[in-house]
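The values are calculated or read from the model by the stated rules, or taken from the named source; none is laboratory data. Since the model is a prediction, treat every value here as computed from it, not as a measurement. Positions of Cβ are generated from backbone atoms using ideal geometry, with glycine treated the same way; all protein chains shown enter the neighbour counts. When the accessible area is computed, the model is the full protein with side chains, heavy atoms only, and any ligands, DNA or RNA have been set aside. Shrake-Rupley method; radii C 1.70, N 1.55, O 1.52, S 1.80 Å.
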Amino acid sequence: MLKAVLSVAVATGCVFSIAPSAMGSAFPGDNGRIVFTSTRDSLYFNIYSMRPDGSKVRALTRVKAKDGDPEWSPDGEKIVFASNRTGNSEVFIMNADGSKQRNLSRNYTDCTGLVGLEERVCNAKAEDGQPSFSADGKEIVFVSFRSGALGLWVMDIDGTNPRELSEGGV
């Protein structure tokens, strides 16, 4: 997947910061804190931040859902992440302290009345995840099934102007 992301980024001229990260975590942003996903306080995955030495752990989200894939903005002021709190995986953004959490992708597909394979295909089209900031912090790249196949997408930091970078899937 990373190779596909880099290939599309180079081919389209988009510059994205692909930082190394552990599963469900992102290394320190400009504010010096690590952001990570854990079930440390509940049965649900939530997002936390801490100092690099493991001290001053703070819960940033507390929802009965799965919040994950946190990523720092280049300036360390925002965190983009994926969450299924709406019933399907969406791209969210919040301030570094956990305040002002907003759904950016708003990619809901009504699958009411569908069953079996039709329902699974319908639900898959609503899945957005693995968000990351562009190097300048003005855009967010993410993966999505919204075109019917797994594709690489980008949108402005406020969630507007979503567009596919990888026509035909990755």
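Side notes on the structure shown:
- With respect to the stated conditions, PRO70 fails to be open to solvent by 10 Å² or more (accessible area, probe 1.4 Å) and under 18 Å from MET155 (Cα atoms).
- One residue stands out in the stretch 45-98 among those that are part of a strand (DSSP E or B) and polar (S, T, N, Q): the one that is nearest to SER144 (Cα to Cα), namely SER83.
- Of all the criteria given as (1) modelled with pLDDT under 90; (2) surrounded by 15 or more Cβ atoms within 10 Å (Cβ to Cβ); (3) among the basic types (Lys, Arg), the one not satisfied by LYS3 is (2).
- When the stretch 63-82 is filtered for residues that are modelled with pLDDT of 95 or more and touching an Asp or Glu at 6+ places or on another chain (Cβ under 9 Å), the ones remaining, listed by number, are ILE79, VAL80, PHE81, ALA82.
- Where THR86 falls short, out of the listed (1) out of contact with any Lys or Arg (no Cβ under 7 Å at 6 or more places or on another chain); (2) farther than 19 Å from VAL143 by Cβ: (2)
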